[in-house]
Amino acid sequence: MDKFRIIGGRPLEGRIQISGAKNSALPCMAAALLTSETVTLHNLPYARDIITMRRLLEDLGCHILMPELRTLKISGAQVEVFEAPYELVKTMRASVLALGPLLARFGEARVSLPGGCAIGQRPIDLHLAGFEKLGAAVEIEGGDVVARSKRLQGREIYFDKVSVTGTENLMMAAALADGVTVLTNAAREPEIVDLAELLNKMGARVEGAGRSTIRIEGVNKLGGAEHTIIPDRIETGTFAVAAAITGGDLELVNCNPQHIAAVLDKLEETGVRIDRPNAFSLRVVAADQTRCSDVTTLPHPGFPTDMQAQYMALMTVGDGVSVITETIFENRFMHASELLRMGARIRLNGRQAVVEGNKELSGARVQASDLRASASLVLAGLAARGETIVDRVYHIDRGYEKIEEKLRAVGANIERFRE
Ligand code: UD1
């Protein structure tokens, strides 16, 4: 299994190119199942989850070409299997995004039910209740969700809880339904807007994406389209923290600062200097002494849960005390106990973590437990005195494109090795 060896203490300086957003690429790839024509996607990140989604689509019968790096041409003309097996779903929960498109186009879908994961229970009940509202019969058979329907019927659907992939799945299903679907209390993440843009290019009629009410007028058929995936806002935020935590100065290019306004505001509150020279780049200059500041994770446009672990790493070296409240996932503090091994002072109390700053971190052997937790351990390692070994970096490879190469190019001492 791959590991990272990091020798901390070097300020990072230079320029980093931000990759395409994994969480936008995955639903956009799934959307290709909605049509028999070719969907071409550009700016896909080179991350493991994208390869897994490609495999899933190919297993279903899609024909996929990669004419150039970061571009895929996906043709769903020959799809004849409507099933996503457990082997794939267990490695990537976003496989459930195949449900909506398969059900809408073929009237049939079987996708293994994802179990709990390292950060919480993560049910998909809202997706399933939504499909039922649209007229599908949904059952659980042998650990799989089996959904069947004649043509789906547009309806009003209210989400009890804001769900990103739930909104995406229903938006895709409703695009081919008969009549109008209105999604209320929908997620407002930039990835939802990106997917809606692709769907509209394919001939769908989606209005209001990015707001909490989305109206979708179903059409009989969707066609091919070409689309460029938005920049990854979580990768952007992660590298912004890398500058802040190492006393560095980084320019982040090909990003969209508007998509992470909450993170940038919070970093500014801690004393980090953020310049926004234009709409596609950022300069992040560390504070002489980072101040601690409380944060609460919320659905977009609030502070993203996917940045909570990285922010916690920064708070361990800040001045003062920070209370971090996680409201999205019930068990998303796995990184805290690993940070303790590096000398951090963190007390957990249910959904809150109290971080006492002012600690110089010291390198240690730590284990990654999930994607963003692993990013926070890498960040802590970059700031720590001495050597940090991060184990199980396959978690980080799921969502970050060559993170160690990008970090090395701006001065980090980090290498990948196998034991
Ligand atoms: C997506 C992101 C993930 C991010 C999360 C929250 C992708 C591929 N993944 O995950 O990186 O951390 O949004 O921003 O885009 N819930 C239910 N029932 C459901 C669905 C969700 O109770 O049917 C709950 C979840 O357990 C969680 C909350 O709602 O507590 C939000 O989850 P959701 O927004 O659905 O997260 P994902 O879409 O899985």
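What length, rounded to one decimal in nm, is gained on full extension from residue 296 through to residue 405, with 0.36 nm per residue of separation minus their alpha-carbon distance?
Result: 36.1 nm gained on full extension.
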Task: Antiparallel DSSP beta bridges within the chain, as percent of all bridges there, nearest 5 - done: 70 percent
TODO: Run the quick spin-label model on residue 321 and residue 278: label points 7 Å from Cα toward the beta carbon, then report their separation in nm to one decimal.
DONE: 4.6 nm
Task: the chain, relative contact order [Cα under 8 Å, separation at least 6], % - done: 21 percent
Task: Unit charges at the beta carbon, dipole of the stretch 1-73: most positive-side option, 30, 11, 67 - done: 11
- [ ] Assuming R0 = 30 Å, can you tell me the calculated FRET efficiency for the pair residue 385 and residue 87, based on Cβ-Cβ distance, to the nearest 0.05?
- [x] 0.10
Open item on the list: Placing unit charges on C-beta atoms (Lys and Arg positive, Asp and Glu negative, everything else neutral), compute the dipole magnitude of the stretch 309-406 about its Cα centre in debye, rounded to 20.
Closed with: 180 debye
Task: Distance-filtered residues of the stretch 302-318 - backbone nitrogen under 18 Å, label point 7 angstrom along residue 261 Cα→Cβ - done: 302-305
Task: Heavy-atom accessible surface of the stretch 333-411: percent carbon and sulfur, 1.4 Å - done: 43 percent
Open item on the list: Placing unit charges on C-beta atoms (Lys and Arg positive, Asp and Glu negative, everything else neutral), compute the dipole magnitude of the chain about its Cα centre in debye, rounded to 20.
Closed with: 220 debye
TODO: Go through 22/221; 73/221; 161/406; 73/406 and tell me which ones have a Cα-Cα distance over 29 Å in this structure.
DONE: 161/406
Open item on the list: Taking 56 Å as R0, compute the FRET efficiency from the Cβ-Cβ separation of residue 354 and residue 1 and round it to 0.05.
Closed with: 0.95
Task: Three-way shape call for the chain based on the alpha-carbon gyration tensor, with the a/c threshold at 1.5 - done: prolate
Open item on the list: If you roll a 1.4 angstrom probe over the protein chains with everything in place, what fraction of the accessible area of the stretch 1-123 belongs to carbon and sulfur, to the nearest %?
Closed with: 47 percent
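So what is the 222 nm mean residue ellipticity for the chain from helices alone, if each DSSP H run of at least 4 adds -39500 (n - 2.57) and you divide by all residues, rounding to the nearest 500 deg cm²/dmol?
My calculation for the chain gives -9500 deg cm²/dmol from helical runs alone.
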Task: Exposure ranking of 211, 48, 332 by accessible area [1.4 Å probe, largest first] - done: 211, 48, 332
- [ ] Indicate the gyration tensor shape class of the stretch 109-181 (rounded, prolate or oblate), computed on the Cα atoms with a ≥ b ≥ c the square roots of the eigenvalues: a/c under 1.5 is rounded; otherwise a/b larger than b/c is prolate and the rest oblate.
- [x] oblate
- [ ] Please work out how much length the chain gains when fully extended from residue 132 to residue 205, using 0.36 nm per residue of separation minus the C-alpha to C-alpha distance, in nm with one decimal.
- [x] 24.1 nm
Open item on the list: I'd like the distance separating the alpha-carbon centroids of the stretch 91-107 and the stretch 344-403, in whole Å.
Closed with: 33 Å
Task: 1.4 Å probe accessible area per residue over the stretch 95-206, in Å² - done: 37 Å²
- [ ] Work out the charge dipole of the chain with +1 on the Cβ of Lys and Arg and -1 on the Cβ of Asp and Glu about the Cα centre, then indicate which of 413, 171, 323 is farthest towards its positive end.
- [x] 413
Open item on the list: I need the shape label for the stretch 65-106. Rule: rounded when a/c is under 1.5, else prolate if a/b > b/c, else oblate, with a, b, c from the alpha carbon gyration tensor.
Closed with: oblate
Open item on the list: So if I take the centroid of the Cα atoms in the stretch 272-327 and the same for the stretch 16-88, what is the distance between those two points in Å?
Closed with: 32 Å
- [ ] Mind listing the long-range amide H neighbours of residue 144? Cut-off is under 5 Å, sequence gap 5 or more, other chains count too, H placed in the peptide plane at 1.01 Å from N.
- [x] 113
Task: Dipole magnitude (debye, nearest 20) for the stretch 184-323, charges at Cβ of Lys, Arg, Asp, Glu - done: 440 debye
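The values are calculated or read from the model by the stated rules, or taken from the named source; none is laboratory data. A quick note: this is a predicted structure, and the numbers were derived from the prediction, not measured. Methodologically, a virtual Cβ is constructed for each residue, glycine included, from the backbone with ideal geometry; neighbour enumeration extends over all protein chains shown. To get the accessible areas, we keep the full protein, side chains included, count just its heavy atoms, and leave off ligands, DNA and RNA. Shrake-Rupley method; radii C 1.70, N 1.55, O 1.52, S 1.80 Å.
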